[in-house]
Amino acid sequence: MENSRVLNREQAVLVVIDVQERLVAAIDQALYERARRNVGIAIEAVDILGLPILVTEQYPKGLGRTVAHVLAALAGKQYELIEKIAFSCAREERFLSALTKTGRGQVILTGMECHVCVYQTALDLLNAGFEVFVPEDAVSSRHPSDHQGGIAAMRDAGVRVVPTETAVFQLLKAAGTPEFKKISSLLR
């Protein structure tokens, strides 16, 4: 696939990685609150634009289910929930199958933890030929230094690291559309 460096709504899919009950309790709260808001914005925006959404849960028996605020954002929307045990989503056959079925080559990764599951997924997807985007304010970790290190390592590997707002406006392309009016209200 040609690497365009810019998100394209016809090519992108959103992945929400492991925003789960017991994991959230261990996450740096400032990072989590920022990521919580921006994961919600990403879900709403991509739904308005008609992008596919995949949601993963890492070993839910031990880490609990997806947290209520993410489920509330997903309510009424089409998405696929995939349980996993591998840290990288891309090492789970069900995830790869769901991603392949979308027919899309750009993946927007959100969720946690930035330096573990998000990072490993990003690298595996890059190696598989996908173009990977990570909104830095829609991922979190237990410690700010882990978040910073994960972001730096992904950027060094070729991941497009941008703020959520940048990703959303790349998908929109222009103002003055009905989608712009709906989405711009999310960003206020």
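Table: residues versus (1) of a type in the set (D, E, K, R); (2) crowded, with 19+ Cβ neighbours inside 10 Å.
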{"residue": "Val6", "(1), (2)": "no, no"}
{"residue": "Asp18", "(1), (2)": "yes, yes"}
{"residue": "Ile43", "(1), (2)": "no, yes"}
{"residue": "Gly50", "(1), (2)": "no, no"}
{"residue": "Gly76", "(1), (2)": "no, no"}
{"residue": "Gln106", "(1), (2)": "no, yes"}
{"residue": "His115", "(1), (2)": "no, yes"}
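Are there helices (runs of 4 or more DSSP H) fully within region 21-64 with at least 2 residues that are of a type in the set (D, E, K, R) and closer than 19 Å to Val134 by Cβ? List them.
Hits in region 21-64: 29-49.
Six or more apart or on different chains, Cβ under 6 Å: which pairs go from a residue in region 63-89 that's more than 23 Å from Gly150 (Cβ to Cβ) and touching a residue at least 12 places away in the same chain (Cβ under 8 Å) to one that's part of a strand (DSSP E or B) and of a type outside the set (Asp, Glu)? Could you list them?
Tyr79/Ile53; Tyr79/Val55; Glu80/Leu54; Leu81/Val55
In region 52-65, what count of residues is obtained for those that are among the basic types (Lys, Arg) and in contact with a helix residue (DSSP H, G or I) (Cβ under 8 Å, 6 or more places away or on another chain)?
Within region 52-65, the subset among the basic types (Lys, Arg) is 61, 65.
Narrowing the set further to residues that are in contact with a helix residue (DSSP H, G or I) (Cβ under 8 Å, 6 or more places away or on another chain) leaves 65.
Result for region 52-65: 1.
When residues of region 74-120 are filtered for being assigned to a loop (DSSP other than H, G, I, E, B) and out of contact with any Gly (no Cβ under 8 Å at 6 or more places or on another chain), how many remain? Explain how you work it out, then say what you get.
Narrowing region 74-120 to residues assigned to a loop (DSSP other than H, G, I, E, B): 75-79, 85-88, 92, 103-105, 113.
Now drop any that are not out of contact with any Gly (no Cβ under 8 Å at 6 or more places or on another chain), which leaves 75-79, 85-88, 92, 103-104.
Final tally of qualifying residues: 12.
Being farther than 21 Å from Glu44 by Cα, modelled with pLDDT of 95 or more and surrounded by 21 or more Cβ atoms within 10 Å (Cβ to Cβ) narrows it down to one of Thr121, Thr110, Thr100, so name that one. Steps first, answer last, please.
On the way: Thr110 fails: farther than 21 Å from Glu44 by Cα; Thr100 fails: surrounded by 21 or more Cβ atoms within 10 Å (Cβ to Cβ).
The conditions single out Thr121.
Can you find a residue that is in a helix (DSSP H, G or I), in contact with a His (Cβ under 9 Å, 6 or more places away or on another chain) and surrounded by fewer than 21 Cβ atoms within 10 Å (Cβ to Cβ) anywhere in region 165-183?
Residues of region 165-183 in a helix (DSSP H, G or I): 165-172, 178-183.
Subset that is in contact with a His (Cβ under 9 Å, 6 or more places away or on another chain): none.
Among the residues of region 165-183, not one is in a helix (DSSP H, G or I), in contact with a His (Cβ under 9 Å, 6 or more places away or on another chain) and surrounded by fewer than 21 Cβ atoms within 10 Å (Cβ to Cβ), which makes the answer no.
Rundown of residues vs (1) in contact with a helix residue (DSSP H, G or I) (Cβ under 7 Å, 6 or more places away or on another chain); (2) of a type in the set (Val, Ile, Thr); (3) surrounded by fewer than 21 Cβ atoms within 10 Å (Cβ to Cβ), yes/no style:
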{"position": "Ala25", "(1), (2), (3)": "no, no, yes"}
{"position": "Leu31", "(1), (2), (3)": "yes, no, no"}
{"position": "Ala35", "(1), (2), (3)": "yes, no, no"}
{"position": "Gly40", "(1), (2), (3)": "yes, no, yes"}
{"position": "Val67", "(1), (2), (3)": "yes, yes, yes"}
{"position": "Glu83", "(1), (2), (3)": "yes, no, yes"}
{"position": "Arg91", "(1), (2), (3)": "yes, no, yes"}
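Looking only at residues that are among the small types (Gly, Ala, Ser) and not in a helix (DSSP H, G or I) in region 126-156, which one is surrounded by the most Cβ atoms within 10 Å (Cβ to Cβ)?
From region 126-156, those among the small types (Gly, Ala, Ser) are 128-129, 138, 140-141, 145, 149-150, 152-153; that's our starting set.
Going one step further and asking which of them are not in a helix (DSSP H, G or I), we end up with 128-129, 140-141.
Working: Ala128: 13, Gly129: 9, Ser140: 30, Ser141: 25.
Across region 126-156, the extreme among qualifying residues is Ser140.
Out of curiosity, is Val116 touching an Asp or Glu at 6+ places or on another chain (Cβ under 9 Å), more than 18 Å from Asp18 (Cα to Cα) and free of Cβ contacts under 8 Å to residues at least 60 places away in the same chain?
Numbers: touching an Asp or Glu at 6+ places or on another chain (Cβ under 9 Å): yes; more than 18 Å from Asp18 (Cα to Cα): no; free of Cβ contacts under 8 Å to residues at least 60 places away in the same chain: yes.
The answer is no for Val116.
Considering only residues that are of a type in the set (S, T, N, Q) and closer than 19 Å to Gln29 by Cβ, which ones fall in region 100-137?
The first filter runs over region 100-137 and keeps only residues of a type in the set (S, T, N, Q), leaving 100, 102, 106, 110, 120-121, 127.
Across region 100-137, the qualifying residue is only Thr110.
The values are calculated or read from the model by the stated rules, or taken from the named source; none is laboratory data. None of these values were measured; they are calculated from a predicted model. Cβ atoms come from the backbone with ideal geometry, glycine included; neighbour counts cover every protein chain shown.
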